[in-house]
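The values are calculated or read from the model by the stated rules, or taken from the named source; none is laboratory data. Please read all numbers here as calculations on a predicted model, not as lab measurements. Every residue, glycine as well, gets a Cβ built from its backbone with ideal geometry; the counts of neighbours run over all protein chains shown.
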Amino acid sequence: MAFELPSLLYNDTALEPHIDGKTMEIHRGKHHAAYVTNLNNAIVGTEWDGKSIEEILANLSSLPEDKRGAVRNNGGGHWNHSLFWQLLTPNATDMSAELKSAIDKSFGSLDAMKEAFAKASMGRFGSGWAWLLVDGDGLKITSSPNQDNPLMDGVPANKVLLGLDVWEHAYYLNYQNRRADYVTAFWNVVNWAEVSQRFAHSK
Ligand code: MN3
């Protein structure tokens, strides 16, 4: 079955003023939609047609060479954005005690985790993503270029807790060159209940 653009559980304008409606509309309706179309075009008629996106991204090196680049960029784009929309919410939610404790253990405090995450977001030159992962007994922050993600490095999808899109298309209309302001605003719309759920299922 072909991949499909997921619906949002909130309106495009629901995350304002932190993420503006026009950005949400173009980001999902144009950018994410294009990743889905291009991904489907790349795998149609191949043996990968019908496999899950997680399985495809974990096995990129097995794909035909002429499809690999398109699947990496567009398949990564589809998985990353599908996760990203779920990680956002207009309604503030609390994180679980278990997640809070894991963050404290790995980073010292929630503020220290946010600082390290912001550093990864700011340190990613050009387009990419920042990630919070389960790594062994603890948590870890990484970043990746373009639409790459931890699945491509062998990390199981359920161990990816949080991701932030730092492509300019994610913030430029509202924040222009001020990526740091966008990263700060992101914390106001993080769905901590969802991140906590992901953490609970990461074992
Ligand atoms: Mn994006």
Practice item. Determine if the range 12-28 includes at least one residue that is in contact (Cβ under 8 Å) with a residue 40 or more places away in the chain, of a type in the set (K, R) and buried (at least 16 other Cβ atoms within 10 Å of the Cβ). Key: yes
Check your understanding: Can you list the strands (runs of 3 or more DSSP E) found entirely within the range 110-203 that contain at least 1 residues being away from the ligand (no atom under 16 Å from the Cβ), surrounded by 15 or more Cβ atoms within 10 Å (Cβ to Cβ) and over 12 Å from the mean Cα position of the chain (by Cα)?
Key -> 128-135, 138-145
Check your understanding: Within the bounds of the range 87-98, is there any residue that is of a type outside the set (D, E), within 16 Å of the ligand (Cβ to nearest atom) and under 30 Å from I43 (Cβ atoms)?
Key -> yes
Point to revise | Hits in the range 61-84 - residues which are more than 20 Å from E4 (Cα to Cα) and among the hydrophobic types (A, V, I, L, M, F, W, C) | key: L63
**Study point:** Qualifying residues in the range 28-49 (those that are at negative phi and among the small types (G, A, S)) - the one farthest from the ligand (Cβ to nearest atom)
**Key:** A42
Review point. Among all residue pairs at least 6 apart or on different chains, which show Cβ distances below 7 Å where the first residue, located in the range 85-104, is crowded, with 16+ Cβ neighbours inside 10 Å and the second is part of a loop (DSSP other than H, G, I, E, B) and aliphatic (A, V, I, L, M)?
Key: W85/L8; L88/L15; P90/A14; P90/L15
Review point. Taking R68, is it within 13 Å of the ligand (Cβ to nearest atom), part of a helix (DSSP H, G or I) and either within 19 Å of the chain's Cα centre (by Cα) or not polar (S, T, N, Q) (or both)?
Key: no
Exercise for review: Could you tell me which of the residues K114, K159, K119 is more than 28 Å from E16 (Cβ to Cβ), not assigned by TED's automatic domain parsing to the domain that holds I53 and not hydrophobic (A, V, I, L, M, F, W, C)?
Suggested key: K159
Point to revise | Given (1) away from the ligand (no atom under 16 Å from the Cβ); (2) more than 22 Å from M152 (Cα to Cα), number of the condition S52 does not satisfy | key: (2)
